[in-house]
Structures are given as C-alpha cells and as structure tokens.
C-alpha cells in the first residue's frame, strides 16, 4: 500500500472497499500504535470504504511523532486533503479518539461522523509515564501491556502486542503520552454536531468507562455502547462485537 506526501510529512495508509453511498471510514490508532491495532474485520468492513493510516513516527510512517493532539489532528487533516477524501466518519481509539474530537472541532468540514472508542474529552495519564517511556522503555511497555489488556486475553496475543509496541521509538511514545496528558476539550464537546457513537469498555483501567459516559452525555447526537468483559484494547479484545456495533450504527444513520 502507498505512502502519500502531505503538507506535514509522509503518511502510510491502506484502503479497502468501494464507495457505497455512505461516507468512508478513517481508522485512527492510539498512542504508540499503528494501523494493525484495528481488527481485520473492521479494516475490511463489508459495504464500506475503510481507510487506515499510521500516524507520523508510527508503523510505516516516517518522520517524528508529535507532542500535542492538535498537531496530530493537523496531520490527519493534511492526509485527507492529500488523498482528496470527502467528509468521512473518523473512528478513533484512545489517543486516536482524542484526535478525532479535535479534528471535528477544528476542521468540521472533514467530519461526517465520529466513533469514539475507549477515549475521553480529557485523558488520564499517570504523571511519570512520559518520562518513564523514555528512561525505562522495556519496563514501561510491560506496565502498559498489563494495564491496557483484559486479564482473560491469551498470552500469545499479549506477546504480539508487546512486540508491536516495542517497535515504536521511545521518543515517539513519550510524545504521545505528553499529547494525551495535555488534551482537554471538555468545555467544547457541545460544539460537536455530527452523529457520534461512543464505545466504552466496562473493565478499562486506562480510560475508565465514566469517560465514555461523559462523552455520550455531553455530545448532542451521541450514543453509548458498553462492551462487557473488555479492557482498554477493546477493538482487538472483542473485535466482532466492536465491528458489529459500528456496522449497526452506520446502518441506522441517514447520511
């Protein structure tokens, strides 16, 4: 799949499906992640055109990462202009959900809808985490895996998650956590005018379910779905349930 050069730097992306008469989907991953943090069934959702990307410094996208959510939102906007996409549904997990909210607020012409997964209008970040990511990368990744995944997840899946997270530069990971720590759009949520699906995980220890509930209560056209028996990495822990929830919500909207 190609890399596109944007106003803010090169970005690697994939695309599947064809224009179905509804807005395409754009999947935006979380801190330290990549396009592979999305389940294959969602990346290839039937009846939809689905775009995924690696944020700068992540996966196959070169260049430095960012240290603020608005900078990442500008990157996503630059990507959308570079590939000439119409207004679309931005699906964001964790930090990606913060980016999606920022994009909807700062560049609403790009956004037809939002799906916000395991995220909030402010993100809780343990204060020492950004520096630990730089000073103690291996121990920090061990801690993140333990916090982010549900206790029922098989060890083989945890090992793969550890391998993928270890491929992200400690500098990029530190920047991601700095970006999350300074993100706060609580006072602006009522400005989001697009249909919004909020998916929260009942046993999320990194971004607790109450953060999802606040999004659903404050965004005017939002709905909350709670996935039981799942942690912060709910898209990969419960891929069928997450994909089905998104597909059903898409089908109910009048785009």
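Yes or no: the stretch 100-118 includes at least one residue that is under 30 Å from residue 81 (Cβ atoms) and part of a loop (DSSP other than H, G, I, E, B). Yes, because at least one residue in the stretch 100-118 is under 30 Å from residue 81 (Cβ atoms) and part of a loop (DSSP other than H, G, I, E, B).
Can you pull out every residue in the stretch 146-183 that is closer than 24 Å to residue 202 by Cβ, part of a helix (DSSP H, G or I) and out of contact with any helix residue (DSSP H, G or I) (no Cβ under 7 Å at 6 or more places or on another chain)? Within the stretch 146-183, 146, 147, 148, 155, 156, 157, 160 meet the criteria.
Sub-6 Å Cβ pairs linking a first residue in the stretch 4-31 that is free of Cβ contacts under 8 Å to residues at least 60 places away in the same chain to a second residue that is part of a strand (DSSP E or B) and crowded, with 17+ Cβ neighbours inside 10 Å, at least 6 apart or interchain, are 14/52; 15/51; 16/50; 17/50, ordered by first then second residue. Among the numbered conditions (1) under 21 Å from residue 216 (Cα atoms); (2) in contact with a strand residue (DSSP E or B) (Cβ under 8 Å, 6 or more places away or on another chain); (3) crowded, with 21+ Cβ neighbours inside 10 Å, the only one that residue 42 does not meet is (1). Please go through the stretch 48-60 and pick out each residue that is more than 19 Å from residue 94 (Cα to Cα) and in contact (Cβ under 8 Å) with a residue 40 or more places away in the chain. Those that are more than 19 Å from residue 94 (Cα to Cα) and in contact (Cβ under 8 Å) with a residue 40 or more places away in the chain: 48, 60.
If only one of 65, 96 is in a helix (DSSP H, G or I) and surrounded by 23 or more Cβ atoms within 10 Å (Cβ to Cβ), which one is it? Walk me through it before giving the result.
Details: 65 fails: in a helix (DSSP H, G or I).
That would be 96, the only listed residue that is in a helix (DSSP H, G or I) and surrounded by 23 or more Cβ atoms within 10 Å (Cβ to Cβ).
Of everything listed in (1) part of a helix (DSSP H, G or I); (2) in contact with a helix residue (DSSP H, G or I) (Cβ under 9 Å, 6 or more places away or on another chain); (3) within 25 Å of residue 110 (Cβ to Cβ), the single unmet condition for residue 200 is (1).
Might you let me know whether the stretch 200-211 holds any residue that is buried (at least 16 other Cβ atoms within 10 Å of the Cβ) and without any contact (Cβ under 8 Å) to a residue 60 or more places away in the chain?
From the stretch 200-211, those buried (at least 16 other Cβ atoms within 10 Å of the Cβ) are 200-201, 203-204, 206-209, 211; that's our starting set.
Now drop any that are not without any contact (Cβ under 8 Å) to a residue 60 or more places away in the chain, which leaves 203, 209.
Yes, the stretch 200-211 has at least one match.
Could we say that residue 230 is in a helix (DSSP H, G or I), at pLDDT 95 or above and in contact with a helix residue (DSSP H, G or I) (Cβ under 9 Å, 6 or more places away or on another chain) here? When the stated conditions are applied, residue 230 does not pass them.
The values are calculated or read from the model by the stated rules, or taken from the named source; none is laboratory data. On a predicted model such as this, the values are computed, not experimentally measured, just so you know. Positions of Cβ are generated from backbone atoms using ideal geometry, with glycine treated the same way; all protein chains shown enter the neighbour counts.
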